[in-house]
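The values are calculated or read from the model by the stated rules, or taken from the named source; none is laboratory data. Keep in mind that this is a model prediction, so the values were computed, not measured. Note that each Cβ is placed from the backbone with ideal geometry, even for glycine, and that neighbours are counted across all protein chains shown. Only protein heavy atoms, including side chains, enter the accessible area calculation; ligands, DNA and RNA are left aside. Shrake-Rupley method; radii C 1.70, N 1.55, O 1.52, S 1.80 Å.
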Amino acid sequence: LELKSLKELINSSAFNLSSKISKKYPTLDLSANGLPQYLYSKAYNSSSVNTKTSQLKANPSLNIRWDLIDPQRVYEIKLARNNYEVAQNNYEIKRKDLIQEARARYHKFQKSYADSNNAKIAVELSNISLKDAQSKLDAGIGTKFEVLEAEAQLAKDIQFLEEKKISQEIDKISLKEILNFKFEENLNISNEHKLLGFWNYTLDKNIDNGLKNSISLKNINLQRRIKKNQSKIFQSANQPVIYISNTISSSFTKGSALKATIDPDASGSSYLNTLSLNFSWNFYKGGQNKNSYKAKKSELESEKYQSLNLKNIIKKNITESYLN
């Protein structure tokens, strides 16, 4: 279930990346001022003829815009791609952690199974010891104290067996949980042991492989790229955007406007096409983008120290495991 949750986050990051890439393509907007709108008015004038307006009117407009140069767009796409890679890495980290934890719980269950069997053997031996002590007492060569001692040992072993049975059941439930089994389902497990392989690398080789293959370390490096691209977005916010736009506007009317006599059957239409190369530049925002850029640069430095710290932790953990 944890993996399914992280898989959805990967899908979310993929959709977000596609959304940012779509900024490379033109946009198309359709608008209409009234569908339709009705105009009615009267104008009185002492030196000319009074006029009236009674008209149905529609003004649809189609606008196409294509950003040729947008400095922020490049870094937004890079940022979205970095976040997508982080989501994939988080999934892989969780997958490997779950496999490792499942293996640990499996071996723990195997150990509790063996402990339970050993406890059964201990109970059987205690039963034999109790019978021997009772036989010696009946034959007159033993003491009551030996019988009591054997009974006490048998009681301890029975209690120990019950504890191991409970531990075995708890370990089985724990294993079912991480494997996403229903608790009421039966879980058949092979308790045979076999050699998995040999590990004969040197300490330096282990450390090099650990640093190279650490997904968590890769994620920190990706976070550094994310902070860098975020800083670039703020830095490029004060740079100009150049885009092409094409606007087609039209007007359709029925009725008369500003006429002495209204003709309800009068109609008219017009259209206008405007193609232009445009330029916009938010060159100053009171230092807002500059300070945001500096903030992300500081966060970038923070990620660098986290990376160095994680490398030290990886080296320590590998060295401890190697020595053990």
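Data for the structure
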{"read-out": "Mean separation of Cα contacts under 8 Å (6+ apart) over length of segment 125-205, as relative contact order %", "value": "18"}
{"read-out": "Solvent exposure, largest accessible area first (probe 1.4 Å, DNA, RNA and ligands not counted), of S302, S236", "value": "S302, S236"}
{"read-out": "Average Cα contact separation per residue, segment 1-155, under 8 Å, 6 or more apart, as relative contact order %", "value": "22"}
{"read-out": "Qualifying lysines (Cα of each under 20 Å from Cα of K294; at least 8 residues distant if same chain)", "value": "K78, K227, K228, K232, K285, K304"}
{"read-out": "With all protein chains modelled, accessible area of D265 [1.4 Å, Å²]", "value": "120"}
{"read-out": "On Cα atoms only, tilt of 2-21 relative to the major axis of the chain in degrees", "value": "20"}
{"read-out": "Low-density loop positions, chymotrypsin sites (Phe, Trp or Tyr not before Pro), segment 236-324 - DSSP coil, at most 12 other Cβ in 10 Å", "value": "W281, F283, Y284"}
{"read-out": "Sites matching chymotrypsin sites (Phe, Trp or Tyr not before Pro) across segment 43-91 that sit in DSSP coil, with at most 13 neighbouring C-beta atoms within 10 Å", "value": "Y44"}
{"read-out": "DSSP-assigned coil residues among chymotrypsin sites (Phe, Trp or Tyr not before Pro) in segment 93-196, each with at most 10 further Cβ atoms within 10 Å", "value": "F183"}
{"read-out": "Long-range Cα-Cα pairs in segment 1-160 (distance over 27 Å), rounded percent", "value": "70"}
{"read-out": "Cα principal axis extents for segment 52-100, largest first, Å", "value": "84, 28, 12"}
{"read-out": "Correct option for Rg/Rh (Cα atoms, Kirkwood Rh) [calculated from the coordinates] among [x] 1.36; [y] 1.18; [z] 1.02", "value": "[x]"}
{"read-out": "Exposed trypsin sites (Lys or Arg not before Pro) absent: longest stretch of the chain, with sites in DSSP loops and at most 14 other Cβ within 10 Å deemed exposed", "value": "1-181"}
{"read-out": "Segment 191-230: Rg to Rh, with Rh as the Kirkwood radius over Cα pairs", "value": "1.31"}
{"read-out": "Helix-only [θ]222 nm of the chain, DSSP H runs n ≥ 4, -39500 (n - 2.57) each, per residue, nearest 500", "value": "-21500 deg cm²/dmol"}
{"read-out": "Principal-axis tilt of helix 203-213 within the chain, Cα atoms, nearest 10 degrees", "value": "30"}
{"read-out": "Relative contact order (%) - criterion: Cα under 8 Å, at least six apart; region: segment 231-292", "value": "46"}
{"read-out": "On Cα atoms only, tilt of 215-236 relative to the major axis of the chain in degrees", "value": "20"}
